[in-house]
Amino acid sequence: MIYHAHIYWRNEIERQSAISIRSQLAELGCEVGRVWDIEIGPHTAPMYQAVYNSDIKDVVEQLISTNLKSPVLLHESILDDLRDHTENVRWLNETLNLKLEIFEARVNNNIT
């Protein structure tokens, strides 16, 4: 199974903490995405994404939960964006609202 961690920040202190674990995530085997200092897609705060698999899930999520106080969204990735961001998700530290209408519009308009 493939998982995503969306690591958010709302101020410079949270950003520095988020950025400080990027190299550790990469060393564990995560594919670490671009740093977005703006809202992007359904995400309502700046963030970056880490992609990881079942083999390293526990150690990745332990690293994140131990080192961050900012919001983090953890979810499976089955390539169904709406489901991935709404079903069986876990939030660490705080829940943020997502702009889910982005995904709903794709489904309603058969946009892939």
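Worth pointing out:
- Database remark: amide H of Trp36 closer than 5 angstrom to the amide H of Met47, Tyr48 (H placed geometrically; neighbours at sequence offset of 5 or more, or on other chains; Pro and chain starts carry no H).
- Fraction of alpha-carbon pairs over 18 Å apart in the chain - percent: 48
- For the stretch 34-49, 3J(HN,Hα) per residue [Karplus equation, 6.51 cos²θ - 1.76 cosθ + 1.60, θ = phi - 60°, Hz, x = Gly/Pro]: 4, 7, 10, 8, 9, 5, 9, x, x, 7, 9, 8, x, 6, 9, 10
- Overall form of the stretch 1-42 per C-alpha gyration tensor (a/c, 1.5; a/b vs b/c): oblate
- Label-point gap, in nm, between Ser17 and Gln62 - each point 7 angstrom along Cα→Cβ: 2.0
- Separation of alpha-carbon centers, the stretch 41-60 and the stretch 82-96, rounded to whole Å: 11
- Here the accessible area is traced with a 1.4 Å probe on the protein chains. For the stretch 29-86, carbon and sulfur cover 49 percent of it.
- Charge tally for Leu68 (other residues, Cβ to Cβ under 13 Å; Lys, Arg +1; Asp, Glu -1): +1.
- The chain: relative contact order in percent, alpha carbon pairs under 8 Å with at least 6 residues between: 31
- For the chain, the solvent-accessible area of protein heavy atoms averages 57 Å² per residue (probe radius 1.4 Å; ligands and nucleic acids excluded).
- Charge dipole magnitude, Cβ of K and R +1, D and E -1 - the chain, Cα centre, debye nearest 20: 220
- Integer Hz, Karplus 6.51/-1.76/1.60 couplings in order for the stretch 77-84, x for Gly and Pro: 10, 10, 6, 10, 3, 5, 4, 4
The values are calculated or read from the model by the stated rules, or taken from the named source; none is laboratory data. Just so it is clear, the structure is predicted and the values come from calculations on it, not from any experiment. Glycine also receives a Cβ, built like all others from the backbone with ideal geometry; neighbour counts cover every protein chain displayed. Ligands, DNA and RNA are excluded from the accessible area calculation, which covers all protein heavy atoms including side chains. Shrake-Rupley method; radii C 1.70, N 1.55, O 1.52, S 1.80 Å.
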